[in-house]
Each structure stands twice: as structure tokens, then as C-alpha cells.
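Colleague: Have a look at the structure that comes next, please.
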Amino acid sequence: MEVLLRVRRFDPEAGQKPYWAEYTLKDVHRTDRVLDLLHHVKWYIDGTLSLRRSCAHGICGSDAMRINGINRLACKVLVKDLVRGERGKIEVAPILGLPVIKDLIVDMEPFFDHYRSVMPYFVNHEEAPSTERLQSQEERALFDEGTKCILCAACTTSCPSFWANGTYVGPAAIVQAHRFIFDSRDQAASERLAVLSEENGAWRCRTIFNCTSACPREIPVTQLIAEVKGAIYGRKPKA
Amino acid sequence: MQIHQFDVVIIGAGGAGLMAALYASRGANTAVVSKLYPTRSHTGAAQGGIGAALGNEEEDHWEWHAFDTVKGSDYLADQDAVDILAREAVEVVYELEHLGLPFDRTQDGKIAQRRFGGHTANFGERPVRRACHAADRTGHMILQTLYQQCIKNRVRFFDEFHVVDLVMSDGRPAGVVAVEIRSGEIHVFRAKAIMFATGGWGKVWSITSNAHTLTGDGSAICYRRGIPMEDMEFFQFHPTGIYRLGILITEGVRGEGGILLNGLGERFMERYAPTIKDLASRDVISRAIYLEIREGRGINGKDYVHLDVTPETVNRYLAAAGETRRVDREYIESKVPDILDFCRTYLGIDPITEPMPIQPTAHYAMGGIPTNVDAEVVIDEQNTVLAGLYAAGECACVSVHGANRLGTNSLVDLVVFGRRAGIKMADFARHADFVELPDDPSGEVTAELERLRRADGRTRVAELRDEMQKTMMDHVGVFREASGMQQAIDTIRTLRERYRTDLRVDDRGRIFNHDLLEAWELGCLLDMAEVTAVSALARTESRGGHAREDYPKRDDDQWLRHTLATLKPNGDIALSYKPVVILKYQPKERVY
């Protein structure tokens, strides 16, 4: 089949404005990943096309992009998910809300700054036992969803509240905080909740659900944010 | 050019690099330099589990784990190192749990464990539950946990800095050269202790489970600086990659009861490994799949077989084996969710109701930069230490995996020897001085990068890479023989000549010039491919992952030894050999 691939491009060294480049690709397979199409352009047509990618199967979180207007991983969306019939158009642009550096590559530093601000690490001040700390299957299940996060930024950069105000920590950081707040072994929930109860914390979430739709790991992001909001008032999530 | 100075510089931010950083940073000023953001590292793609004889589910002992590892290695692993691996596995798994790693839990709240290939009770009697896991994203959880703890400990990270050279001064390591990808600027990191933890080079082959970024950079850098590569002929083909895509399907699927079936619907592993069947070592199963396909027993006669984890099939075989355990949809969904997601996304197949089409996929380098058990790089047959240089993880060869790695042991290797590296480097940095940098530490590699940046020949990087991957897949894959390997060597050398004289790079810019860096990575891949094929051609026996049709038997008299392949200044590869450390387990026939 044939695909018209439109890519939002920007070369910081050329002194030009961003523009749409178009590539007509023939012999596309319906099961090709969008990443395969981008690679085809980069490897066989124009090596200057720039993007991040690594694992190519939805695990490393490198290649979140805005594909036909929706945030997804380029390696986890197939042509057949986007095009019906023998011809179609696919548009790829960088994720929104972070400064574009070159083509599909954005500056991830603000995203990781927000991540680091919520103490995204396990804290337990007691001396560890000689074997594992015990945790019931029910306790473990309470924070399972958040452990799937691959920090691809698809959620945060789909969030209108984040677009409007980049100082909002954003859904990914809240998911990371949730993962520790609801871990029965962790002892720093109150510090994290203090951060998230501030002006740029969880309350900037307006439950728009873009984050949940965007998550390539199918994490119920909006629900986790709601649970964090509840925890600020001392509520526990239902097991 | 910017110059930085740290006591310890670690290149690579996967499991080995981060574990080393965690320990080194407690006693020394430490930096981690990585071409990716740390959480993109390929440790995150490890699925099924980390092996440790905790005995949470049934009786187990680290000595059994050690025996399985030695047997799995086809007796080529160094048994002193294997003892350390299996013993310290227990400590590090508890340590990971204490650092917050969210393992799955047993009914009584302990770390959950499951069966995995080649892991047995009582020296080969029956499968044992040893693989500690967090669903089928165990590597992801290890990577996340270690990165989180490095943030907590304020480890200094240089993310998206691509290391391209090791600076030597009078034969001593003095630092590394890196390209800051965002600016294209050259940085030199001067350090007392330098550690490579850069992972493998699966991109040498066309069908691989490896990420695009696994191009053997660190190993190639060391190799070019005269450090030998150990046991490069041993590269693991994982039996269950998704057909055509190569994406890994964890052995944990079989650990949970999944069965391999050929085109006739036969559980063919019964014929190849009568005792533990589908849980035999990876090399054994990959060969069995190739043989079934060759005999026309692939699915519909094609070049793949089925892996069936539908509850119906699993329960039928569990019942036939006299086991009381049964599985249902919910259980499979909870234990291998990512596998189900891969199949549903990429194949449109639901493994709950249909079998998965699979074929062997290039997966893991057993060989690499030679080290001792403290991750110090050793450079000759006498294991002479090159002071100040360290390596751990897939890029290194301790050797704990010998000729074939057992499933779960890569993650064990990362954390056990990453930890040892970190401790040793902090200690070294306390006593050692910095080595003087030479006058122009980045001159040589900068000249090569500028050559690549201006390369205006006719051949694209991807064309050369495609040809390399095809020839290595055809001739230096699961089965090998002399003429094919020679052909691969000739092809690789021709490709390298074209790389030198006829390459084309489009991007002349400085900022995020991945076009240039992919060209540089291809140079690493060609080096790794050549040294792999040359080492393989010389070893006239079959052992573990190195299976020769012209020498089908293991030959302990001549070949119970490690290969060392050294690049000579004229470009030739010199082969030498060093003995294997044999302690408790004398080599015997390997039957599963």
C-alpha cells in the first residue's frame, strides 16, 4: 500500500522555521510500525531526519510523538491502526509542551525535572531485614499500575493543563509519586503529598483524561491522579 | 572541547552501570555517561526474572544454581566466578527488594519465583522455581529502581553523551572522549577508574531482540585500543522471538507452562530434552527449532514454530505431567501481560486463545571485554590486570556464561558484578592518582568523526548494515560451518572497505546528528561481526551457542579454553587462548 508520510521538521542550524516535509512511501505493509516508516525515510531517503528511538517495541519510552494528532509511541502504532484501504496519510509531529530541538526531538529536561521533584525513589528509614520485607499480594496490587510507567512523556505532553502551564508537575510525575505513596513498604508518602498538594501539584489536573488515552502502557493515569488527590485528604484507594 | 574530571566514570546506564554507580558514588566522585537517557537502556527490556536460590517456593540452594549455570555454559564458564554469581545472587535480590523493587509476591508475602530454562533442583533432576520476577517486566523494574536510587544518592549523570573513544596514556587508561549529542561538542572525561557497561551488539544480526542502540560501542572502543575480546564466537540465539520481528517472548512463558509445538502439533522438545523438555537451555531449544524447520515440520512448512500458552493447552500438559496446578486467563494475564500486549499489538494475535509464531532471535553476547571477578579488565592469557579499567554486564566476559547463558543470569550478572565493580572502583580511586592526559586526547576520534560527517560516497549506512546483518544471520547464526563463516568474514571485510572509501552521510550538522553517530556505530558493529566470525571459524568444535555442522561434537581435549582475539596494529586479528577455571564440576555430557 501507499502512504503519504508528513513529518513536522525543524533544523536549528538552518535558520528556517519549522515546516512539513512529505514523503510518498510505496510498498508499505499494513503491519509496519510508524517507526519503520520514519526509519525508511532516515535510512534510505534523507539521513538528516532526526528522532529518538531505541527498543522499537514499546518498552524504552524513547519515541513518543504526535501521530495524526494523538500522542503515541512510533514503535507501537501500526500503519493499519491509522490507514484504511490502500492509500492514506500519516502525520508525525513532535510532542507538545516541550521545546523542540530538532525535527521530532524535544528537550526532555523539564519533564525529568518534574519527575525528580516528587522524590521518585523508595524511602524506608528502618534497618532492612536479612531477607525480603514482606508485602501481601493485595498491598502489592495497590500500586501495580504505576510501576508500568516508562517515562515516555506521552501523558504529560497530551495534558492541556501542562500546555497552559509548564510548571505543573504533570501526570507522569504524579504517577511516579503514586507508585511510592501506595507502596506499603515506603515511608515518605507525606513528603511527596506535600509537594503534590502545592500550587503546581495534583490540583492542576482537571480530569480531562487525555493522559489516560495517551498512555502506551494503558495505565489509568487519571484514576491514579485522583487517588493521589484523595490521599492528600488522607483517603486510601480501594483494593 | 570541554574537560571534566571525576574519580570514577561509568559509560552506560543500564543495570550494571547504575549498580556500579550506586556503590562507587558512596566512596568516590562518580559520573555516569550514557548515549541514552538511563531509563531507555536495554536492561529495561529484560522480562522474565532474576535467578536466585531464595527457596521461597520450594527447596533450593545456590550450589544448585551454580551447577545449572556451569552445565548451561557447556562447561566453559569459570567456576570461581560462577560460585560468586550464584551465592551473591541471593544477597543482591534481597538488596534490590530493600531498594524498593516491586517483585510479585507469594501468598505469604515473599518474593515470588517461577521456573525458567535450565534451572533445576538437585543437579538436574527437575525444574525448580528460582526466577524472582515482577510480572514480565523484571528488567524494567530493576532499571527503574536503580535509576531512582541513583537520583536519591545524587549521582551525576551526563545523559545523551555518546562515548566514542578510550584515551590511553603510556598504556594506561586516562579518560574517555564523548560527543554531547545535543550540541555536537566534544567532551573529555578524565578519571582514575573507567568502567564500560555498554551492553551487547545484537544489531550485528538481522533478526534480534536487541534495541537499535545495541551496537557494541564500549567493546569496540576497547578492542581498537588493543584489549582482547574473549569468547566472541558465543552469541546466544533466544529460541522464542516473535516471527520476523525478533521481539523477545520471555522464557517465563514456558516457565508458567507454555509449550512449543511444531507443524504437526507435536511437543517436539520431548525428543530433544526428555527430562525438562521446553525448559532446556536456550541453545538446545534454538537448535531443535532449526532442525524441526529443516525437516519440514515448521508451521505449514514455514520457518517458524508455535509457542502455546493458551490455558487449555497448558492445563492439558500439566494434567499429563501429573501436576495439580492449573492456570486460567486471569493468571496468564497477570504473569505475562507485556507478552500478550506485544502479540496483540504487532501480530493481532491473542495468546490467550491462539499460539504465538516464534523463531530464534539473536539475543545475548556471552563474550566480550575480559574481566576478573572484581570487574577489572584483564588483557592476556595470564589475566594481567589493566589498572583503572573496568567492565561489567553484557559487554564484559567474566566468564560466568561460558558458551551459553542461562535465562535470568544476565540480570544476576549485572547486579552482582556491577556491585563488585562499584566497590572496587571506589577503593581504587582512594589510592590511585589521575593519569596525565596526552596532548590532544580527542584528536584521533575527532578526525574520524569529521571524516564521517563529510562522507559523500555512494553507500548508505543502512545498506552496509543490512548486508552485514544478512551475512551474519546466514553464516554465523544458530548453525555454522567453515565455508559459510569464511564467506561472512570476506563479506565483512569488503563492507568495511566500502565503509572506509564509499560511505555517504547526509547530515553535516552538529545538533543531534544521529546520522553521523549511526555511521560511527556501524563501524563498531563491523568490528564486532568480524571478530565474532574469526573466533568462530577457528573453534573447530560445537559447544553451547557455537554449533558447527562440520564439527558437531564438543572437544574438551582441544577446546576447553577461552578464546582471546586481539586486534593487531596492521588490522589482523591474533587469536590466543586461556584455560577455563574448573573447580567442583568436571565436564561431562550435557543432557537435559
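Values quoted throughout were computed directly from the atomic coordinates according to the rules given, and no laboratory measurement underlies them. Fair warning: this is a prediction, and the values are worked out from it, not measured in the lab. No Cβ is skipped: glycine too gets one built from the backbone with ideal geometry, and neighbour counts run over all protein chains shown.
Colleague: Antiparallel DSSP bridges in the protein assembly as shown: what percent, to the nearest 5?
Modeller: DSSP beta bridges in the protein assembly as shown are roughly 65 percent antiparallel.
Colleague: Right, here's the next one. If you take each beta carbon of peptide A:135-147 and count the beta carbons of other chains within 10 angstrom, what is the mean?
Modeller: Partner Cβ neighbours, averaged per residue: 4.
Colleague: By counting other Cβ atoms within 10 Å of each Cβ, how are B:Leu411, B:Leu583 ranked from fewest to most?
Modeller: B:Leu583, B:Leu411
Colleague: Determine ³J(HN,Hα), in whole Hz, for all residues of the range B:317-323 in sequence, where each value follows from phi through the Karplus function 6.51 cos²θ - 1.76 cosθ + 1.60 and θ = phi - 60°; x replaces Gly and Pro.
Modeller: With coefficients 6.51, -1.76 and 1.60, one gets 6, 4, 5, 4, 7, x, 8 Hz.
Colleague: Please get the size of the charge dipole for the range A:142-239, origin at its Cα centre, with Cβ charges of +1 on Lys and Arg and -1 on Asp and Glu, quoted in debye to the nearest 20.
Modeller: Rounded to the nearest 20 debye, it is 180 debye.
Colleague: Moving to a separate point now. Amide H of B:Asp136 versus every other amide H placed in the peptide plane: which residues, excluding those fewer than 5 positions away on the same chain, fall under 5 Å?
Modeller: B:Asp338
Colleague: For helix B:282-294, what angle does its Cα long axis make with the longest principal axis of chain B, in degrees from 0 to 90 and rounded to 10?
Modeller: Result, in degrees: 70.
Colleague: Taking every residue in B:495-505, how many Cβ atoms of other protein chains lie within 10 Å of its Cβ, on average?
Modeller: Shielding by partners across B:495-505 averages 0.
Colleague: Charges only on Cβ, +1 for Lys and Arg, -1 for Asp and Glu: so what's the dipole of the range B:246-404 about the Cα centre, in debye to the nearest 20?
Modeller: 540
Colleague: Can I ask one more? What is the distance in Å between the Cα centroid of the range B:466-491 and that of the range A:162-190?
Modeller: For the range B:466-491 versus the range A:162-190, the Cα centre distance is 50 Å.
Colleague: Sorted by mean Cβ packing within 10 Å, highest first, what order do the peptides A:116-127, B:464-475, B:508-519, B:211-222 take?
Modeller: B:211-222, B:508-519, B:464-475, A:116-127
Colleague: Here is a follow-up. What is the Cα centroid distance between the range B:250-304 and the range B:342-403, reported in whole angstrom?
Modeller: Centre-to-centre (Cα) distance: 22 Å.
Colleague: Still on this structure, I have one more. Using θ = phi - 60° and the Karplus curve 6.51 cos²θ - 1.76 cosθ + 1.60, what whole-Hz ³J(HN,Hα) does each residue of the range B:453-469 get, with Gly and Pro shown as x?
Modeller: 4, 9, 4, 10, x, 10, 9, 7, 3, 5, 5, 5, 5, 4, 5, 4, 5
Colleague: In peptide B:34-42, how many Cβ atoms from other protein chains are near each Cβ within 10 Å, on average?
Modeller: Other-chain Cβ atoms within 10 Å of each residue's Cβ, averaged: 5.
Colleague: Could you pull out every residue, at least 5 positions away or on a different chain, whose amide H is within less than 5 Å of the one on B:Asp165? Hs are placed 1.01 Å off N in the peptide plane, and Pro or chain starts have none.
Modeller: Close amide H contacts, sequence-distant or interchain: B:Val177.
Colleague: Treat the count of other C-beta atoms within 10 Å as a stand-in for reagent exposure and order B:Ser73, B:Ser542 from fewest to most.
Modeller: Ranked by crowding around the Cβ, least crowded first: B:Ser542, B:Ser73.
Colleague: To the nearest 500 deg cm²/dmol, what mean residue ellipticity at 222 nm is calculated for chain B from DSSP H runs of n ≥ 4 alone, each contributing -39,500 (n - 2.57), summed and divided by the residues?
Modeller: -11000 deg cm²/dmol
Colleague: Of B:Leu386, A:Val100, B:Gly200, which is farthest towards the positive pole of the protein assembly as shown's charge dipole, taken about the Cα centre with +1 and -1 on the beta-carbons of Lys, Arg and Asp, Glu respectively?
Modeller: The listed residue farthest towards the positive side: A:Val100.
Colleague: Sticking with this one: Going by average Cβ neighbours within 10 Å, how do the peptides B:375-381, B:62-68, A:171-177, B:281-287 rank, with the highest at the top?
Modeller: A:171-177, B:281-287, B:62-68, B:375-381
Colleague: Counting other Cβ atoms within 10 Å, which trypsin sites (Lys or Arg not before Pro) in the range B:94-197 have at most 15 and lie in a DSSP loop?
Modeller: Passing sites in the range B:94-197 are B:Arg154.
Colleague: Would you mind ranking A:Ile101, B:Ile259 so that the residue whose beta carbon has the fewest other beta carbons within 10 Å leads the list?
Modeller: A:Ile101, B:Ile259
Colleague: Taking amide hydrogens as modeled 1.01 Å from N in the peptide plane, which residues meet the under 5 Å criterion relative to B:Thr361, leaving out close sequence neighbours?
Modeller: HN-HN under 5 Å from B:Thr361: B:His238, B:Thr240, B:Gly241.
Colleague: Here is a follow-up. Rank A:Ala141, A:His178, A:Ala154 by how far each Cα sits towards the positive end of the charge dipole of the range A:90-234 (+1 on Lys, Arg Cβ; -1 on Asp, Glu Cβ) and give me just the farthest.
Modeller: A:Ala154
Colleague: Would you mind working out the magnitude of the charge dipole of the range B:510-558 relative to its Cα centre, with +1 at each Lys and Arg C-beta and -1 at each Asp and Glu C-beta, to the nearest 20 Debye?
Modeller: Once rounded to the nearest 20, the dipole reads 100 debye.
Colleague: What whole-number distance in Å separates the alpha-carbon centres of the range B:518-592 and the range B:413-454?
Modeller: Comparing the Cα centres of the range B:518-592 and the range B:413-454, I get a distance of 27 Å.
Colleague: Give the residue from B:Ile186, B:Trp520, B:Thr353 lying farthest towards the positive end of the charge dipole for the protein assembly as shown; charges sit on Cβ (+1 for Lys and Arg, -1 for Asp and Glu) and the dipole is referred to the Cα centre.
Modeller: Selected residue: B:Thr353.
Colleague: Which ³J(HN,Hα) values in Hz, rounded to whole numbers, follow from the phi angles of the range B:372-389 under the Karplus curve 6.51 cos²θ - 1.76 cosθ + 1.60, where θ = phi - 60° and Gly and Pro get x?
Modeller: 8, 6, 9, 6, 6, 6, 10, 10, 7, 5, 8, 6, 5, 7, 8, 4, x, 10
Colleague: What FRET efficiency comes out for the pair A:Gln16/A:Lys80, r = Cβ-Cβ distance, R0 = 45 Å, nearest 0.05?
Modeller: For R0 = 45 Å, the calculated efficiency reads 0.85.
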